[in-house]
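The values are calculated or read from the model by the stated rules, or taken from the named source; none is laboratory data. Just so we're clear, the structure is a prediction, and the values are computed from it rather than from any experiment. As a convention, Cβ positions derive from the backbone with ideal geometry for all residues, glycine included, and neighbour counts pool all protein chains shown. These area figures cover heavy atoms from the full protein model, side chains too; ligands, DNA and RNA do not enter into them. Shrake-Rupley method; radii C 1.70, N 1.55, O 1.52, S 1.80 Å.
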Amino acid sequence: MRSTTALSAVLSAALSASLLVGPNTALADDEPTPAITAAAETPAPSESPAPTTTPTLTPAATPEDTPPPADLTSEEPPPSADPTPTPTPTPTPTPEETPSSADPSEPTDPTEPGDDEPETAVHPTIGKVATVTGDSGILEVAASSDSAISTLSATITRDGSAPVTVTSFTLVTGVAANGVWRSTRLKLPGYGTYSVSLIAEDADGDQSSKEAHDAVAFRRVTRVKQHQITPTTLDFLHPNATATGKLATFDPATGAETPLPGVLLHLTIGHYGTSAVTASDGSYRLTTTAHPDNPGKPVAITVDGSDPNAEGGSWTTFDSVTVPSRLDKTRIRLDKTSQRVNYGVTVTASGILEYLDGSTWKPAPGVPVRMGDYAKATTWSNGRFTLTDRYMAGGDGIRSVETAQDYTASPFLVPSKATFALDVVQSVYLCLCTSWLSELSELHIQGNLSTSNYKIPANRKVYLQQSSNGSTGWKTLGWFTASKSGSYNLDAWVQHPKGYWRLYLPAQTDYQAAYSNKVHYSRIETRIVSFNASPEPVRKGRYATVKGTLQKLSGSKFVKVTKQRIYIYHRAKGSKTYRYLGYTSTNSKGQFSKKFKATKDGYWMAAWFTPNSHYINAYSLEDYVDVR
């Protein structure tokens with residue numbers, strides 16, 4: 001600050017000069033008092049102007065508190081000097097610092113400072129007071145003055161916490177008289193929002209202050225690093241967008257970054273997208289196929305998610321780009337433009353799909369194509385495709401092959417279509433409409449046959465076939481003749497009650513061979529082996545013993561069945577009816593044995609009845625015993 005002694009010397013020198021000049025220096029009552037930065041008089045033109053000294057701002061200089069009085073007179077021209085002196089440039093003061101002109105209606109006090117008074121004090125101008133972008137742990141201050149800024153002092157406050165004073169600042173841009181300073185890392189009592197009260201002092205000792213409310217938002221923030229979204233253009237060969245990067249938490253208290261794992265991110269293109277969670281190192285990689293609403297126009301791609309470091313975990317866009325997209329024409333060239341096929345069995349169409357790249361037609365790989373509702377395929381790497389529709393309905397006509405136009409289609413290709421003529425050989429449809437497999441190992445068959453021309457073939461012999469897997473190894477078990485209307489209803493015993501069954505009608509003139517729908521049943525095959533009734537012969541009234549073993553099929557082998565009830569029957573010689581005699585149970589080896597009184601010649605038999613639909617009944621062979 002300037003001392004009182006210096007100010008007195010200035011006033012005294014000014015007063016002396018005024019008295020030497022006399023009445024010529026007084027201002028008229030009706031003229032305004034000039035500003036303190038302008039010259040008080042205009043010297044006579046016959047005199048040479050005194051040299052003017054322009055202040056030099058040196059950032060490292062420290063001004064003296066009290067400049068020597070002699071300096072004041074050396075910078076002013078003599079009172080009698082006539083030429084107009086060159087005014088010394090001064091910094092533009094703030095509105096608060098600009099003094100008001102004297103009221104012209106008031107007389108001028110001859111004791112007020114005049115030509116010999118020093119420049120009016122210029123206070124520092126304080127600009128920005130905020131934290132560094134992306135780092136709320138560093139305070140940044142912009143200030144300027146007519147001399148070097150010598151001191152910056154920031155008092156940081158918030159409700160409920162003790163003030164923190166920061167005085168260590170470093171000039172980062174500009175010069176000491178007009179620059180930007182940054183503080184050392186702030187040591188605040190906790191995360192939150194703070195206000196700053198800043199005082200700036202220059203080398204002349206002039207001070208200014210500024211209040212910056214809520215200038216410091218001291219909190220952790222999420223940083224996105226090494227992020228990239230590709231490709232630069234979305235088109236047919238580049239339909240997938242991939243976003244990569246890393247999320248990290250930046251702590252303003254330490255200035256350190258730590259990985260941010262477990263954040264759910266969403267890669268979105270129009271109404272489609274995908275999601276993924278950041279890994280333990282904060283990295284992410286998301287890929288999705290673009291389905292823009294307006295192919296051929298710019299497409300916005302964004303990576304969004306809930307930011308765990310934002311207030312309330314608010315939804316944040318971590319990365320976004322807008323890229324151009326391209327829409328190309330297509331064409332289908334079929335290998336055959338007409339075909340003769342069997343009705344309803346197999347219709348095949350093959351060809352190549354191409355797209356127009358500039359002025360050149362090129363193969364279009366990986367594009368879904370279809371023929372009707374059931375034939376679908378995807379073009380190979382060379383653009384070729386083969387479509388097979390085994391359920392094609394109708395007769396002769398025109399068939400179409402076209403690029404898919406649903407969600408599987410490429411949005412960057414214009415749909416196209418090709419047609420071919422179809423000549424159909426009439427088909428036969430066999431329906432195995434109703435069927436079941438009973439515990440007696442009998443397959444119930446009920447249904448009808450029809451043809452595409454609504455006529456029943458002359459040969460109505462239908463064959464029953466069986467397969468273990470429903471695809472290969474079909475064996476014919478027997479045949480039956482359908483009625484003249486084409487219907488059939490019968491039961492057929494099958495030796496192996498597990499597998500697939502279908503009906504088959506051989507090809508005839510004007511009719512193709514036909515197969516019915518397949519049915520699948522699975523019951524476990526069982527049997528009674530080593531059955532014997534003895535002795536043979538046996539005396540009347542004596543006991544006959546029946547023995548045997550109950551087995552079931554397991555894989556490809558028969559194994560024992562334990563703890564099962566076996567029923568014994570006898571049919572007298574000459575009779576057609578079995579009489580129930582009693583039951584016994586199988587032991588741990590699946591064997592059974594039971595004695596019965598022999599009364600008549602006849603046939604002995606054992607039976608096991610399945611308790612559920614998993615097995616079939618087991619019956620032994622008959623064993624004849626002569627009773628004497």
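Quick notes on this structure:
- Loop chymotrypsin sites (Phe, Trp or Tyr not before Pro), the stretch 386-430, which have at most 15 other Cβ atoms in a 10 Å radius of their Cβ (DSSP): Tyr391, Tyr407
- Here is the size of the stretch 357-415 from its Cα atoms: Rg then Dmax, 13.0, 41 Å.
- Each Lys or Arg adds one and each Asp or Glu takes one away; over the other residues whose Cβ falls under 15 Å from the Cβ of Trp436, this sums to 0.
- Protein accessible area in the stretch 559-625, 1.4 Å probe - carbon and sulfur %: 50
- Of the peptides 156-164, 231-239, the ranking by mean beta-carbon count within 10 Å, highest at the top, reads 231-239, 156-164.
- Quick note on the stretch 207-284: its Rg to Rh ratio, both from C-alpha atoms and Rh being the Kirkwood radius, is 1.20.
- Probe 1.4 Å, accessible area per residue of the stretch 197-267, Å²: 45
- In the stretch 226-303, the portion of solvent-accessible area held by carbon and sulfur atoms comes to 51 percent [1.4 Å probe, whole percent, DNA, RNA and ligands not counted].
- The stretch 485-593 - Rg over Rh from alpha carbon coordinates, Kirkwood radius: 1.18
- The stretch 148-253: C-alpha pair distances exceeding 22 Å, %: 53
- Computed across the stretch 291-372, the Kirkwood hydrodynamic radius from all distinct Cα-Cα pairs reaches 17.6 Å.
- Across the stretch 415-506, the convex hull enclosing all Cα atoms gives 158 Å³ per residue.
- Carbon + sulfur, % of accessible area of the stretch 350-414 - ligands and nucleic acids excluded, 1.4 Å: 50
- Cα-only Debye scattering, the stretch 289-336: base-10 log of I(q)/I(0) at q = 0.25, 0.30, 0.33 Å⁻¹: -0.91, -1.07, -1.16
- Rg and Dmax of the stretch 129-204, based on Cα coordinates, read 12.7, 39 Å.
- The Cα trace of the stretch 167-224 gives Rg and Dmax of 14.1, 46 Å, the first to one decimal, the second as a whole number.
- Computed with the Debye formula from one identical point scatterer per Cα of the stretch 239-339, without solvent, the log10 of I(q)/I(0) at q = 0.13, 0.17, 0.20 Å⁻¹ comes to -0.57, -0.81, -1.00.
- Note on the stretch 327-445: Kirkwood radius taken over Cα pairs, Stokes-Einstein applied at 20 °C and 1.002 mPa s, translational D equal to 133 µm² s⁻¹.
- Once the 1.4 Å probe is applied to the protein heavy atoms, the stretch 469-545 comes out at 60 Å² accessible per residue.
- Volume of the Cα convex hull of the stretch 267-406, divided per residue and given in Å³: 173
- Cross-link reach is defined here as a Cα-Cα straight distance under 27 Å, omitting same-chain residues fewer than 8 places apart; for Lys336 the lysines meeting it are Lys362, Lys376, Lys417.
- Given charges at beta-carbon only (K, R positive; D, E negative), |dipole| of the stretch 322-434 in Debye: 200
- Across the options Ser306, Thr289, Ala279, the greatest Cα extent toward the positive end of the charge dipole of the stretch 259-328 (unit charges at beta carbon of Lys, Arg, Asp, Glu) belongs to Thr289.
- Note on the stretch 500-628: antiparallel DSSP beta bridges, both residues inside, total approximately 95 percent of the bridges counted.
- Taking the inverse of the mean 1/r over every pair of distinct Cα atoms in the stretch 533-622 gives a Kirkwood hydrodynamic radius of 14.0 Å.
- Heavy-atom accessible surface of the stretch 370-434, averaged per residue, reaches 52 Å², computed with a 1.4 Å probe.
- Whole-Å distance, taken between Cα centres, linking the stretch 466-498 and the stretch 196-231: 88
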